[in-house]
1. If you bin every alpha carbon distance in the stretch 40-325 into 5 Å steps from zero, what whole percent lands in each bin?
2. Each residue of the stretch 295-306 in turn: what ³J(HN,Hα) in whole Hz from Karplus with 6.51, -1.76, 1.60 and θ = phi - 60°, glycine and Pro shown as x?
3. Through the Karplus equation 6.51 cos²θ - 1.76 cosθ + 1.60, θ set to phi - 60°, convert the phi angles of the stretch 217-229 into ³J(HN,Hα) values in whole Hz; use x for Gly and Pro.
4. Express the relative contact order of the stretch 40-325 as a whole percentage, based on alpha carbon pairs under 8 Å and six or more residues apart in sequence.
5. Output ³J(HN,Hα) for the stretch 118-129: one whole-Hz value per residue in order, computed from phi by the Karplus curve 6.51 cos²θ - 1.76 cosθ + 1.60 with θ = phi - 60°, and x for Gly and Pro.
6. Quote the charge dipole size of the stretch 40-325 about the Cα centre in Debye, to the nearest 20; the model charges only the Cβ of Lys and Arg (+1) and of Asp and Glu (-1).
7. Please work out the C-alpha center-to-center distance from the stretch 67-83 to the stretch 108-152 and express it in whole Å.
8. Ignoring solvent entirely, what values of log10 I(q)/I(0) come out of the Debye formula for the stretch 183-302 at 0.09, 0.21 Å⁻¹ when each Cα is a single scatterer?
Amino acid sequence: MSAWRARLAASWRAAFVVLVGGWLAWVLLSGEFGPAPRPGTWLQVQTGLFLAGWLALPLGLGLLWRWNLQLLTAIRLPLALLLTTQGLAWGGRYLPGKSGLWLAKLSISRRSGIDLRTLGWAVLVEQGLFVLAGALVFIVLLPWSDIAARVAWQHPALSALQALAAHPLFGPARILFAIALAAVGLAAMRIGKAALPEGARWPDWSQWLLLLAGHLVLHLTIGLALAPLLWLLLPDSAALLGTSGIIAALALANIAGILALFAPAGLGVREVVLAGLLAAGADYPKALAVAAFLRLVTFLADVAFSTSAWAAGMLIGRGLESRASD
């Protein structure tokens, strides 16, 4: 019975990927991208900028995870091992439940000398800090009053939200809420101290704050990289959101993709959430087409990073082995 259930679950997961992937491909091929860009290289340049920003994401996450492990264990992962592990883990996000990410990072236990519990906790902290940082960016940077006014105009039942967002105290209140959320989130990260093996160190508050700041920088980086492309493809949405709102919208879409464990790499979930926010300034089908296009760009970046990081790590490792043997 258990084997039958496992096969059924695998079939459902495969069907989900095929259906959602096919749906996004159809949306991309049949969608409209707003005003057509002028002939030349602007679309290529702005797409390339977002591509570069997205490539910085897994590299930055890998470096922060390496530092997190060093704080916990005083063990600094060799660069070759870090690159191969992060390359496999980033590609493993596309497996169901992000299982590939966990398997890749836990598999280095013997080679790194770090026990499985500490490795697992470090991965959980990495995911948790990225989600917490994204939530803070969304709360603080989204232009709530502008979006609420547009949504309330379309849906009168949400007029209370419009009034709340327009209140003079709403701005300071959301800043205080973000500070409280950060404090609660960092406190939650410390709960696992009792689950770690003896001998594991524990970062102090200043180190926790620096780790959180590093994840905030990553959200800001990819959002800033997206802004020029969005100004080209959806100028009305970009004008409504502004650069800060674009950063916030992408942050929410990314953390929604992480929390949706049923969706490999947030497939479909990230697009729906991002399009929902972009639709405040544009037609939803057009916003969804742009979100599907961004999925294509990020998928190409993911493949490029996974293969290049793994290959670079293997080459560095073999070079070090050959030097040691000489």
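1. For the stretch 40-325, the binned pair fractions read 1, 5, 11, 15, 17, 15, 13, 9, 6, 4, 2, 1, 0, 0, 0 percent.
2. Values, residue by residue: 4, 4, 4, 5, 5, 4, 5, 4, 4, 5, 5, 4 Hz.
3. 4, 5, 4, 5, 5, 6, x, 5, 5, 6, 3, x, 5
4. With pairs under 8 Å counted, the relative contact order is 30 percent.
5. The phi angles translate into 5, 4, x, 5, 5, 5, 4, 5, 4, 5, x, 5 Hz.
6. Working: 18 positive and 10 negative charges, 146 e Å.
That gives a dipole near 700 debye.
7. First find each Cα centre; the distance between them is then 20 Å.
8. Calculated log10 I(q)/I(0) at the listed q: -0.33, -1.13.
Throughout, read-outs are computed from the coordinates displayed, never taken from laboratory work. Please read all numbers here as calculations on a predicted model, not as lab measurements. Here the Cβ is made from the backbone with ideal geometry for all residues, glycine too, and neighbour counts use every protein chain on show.
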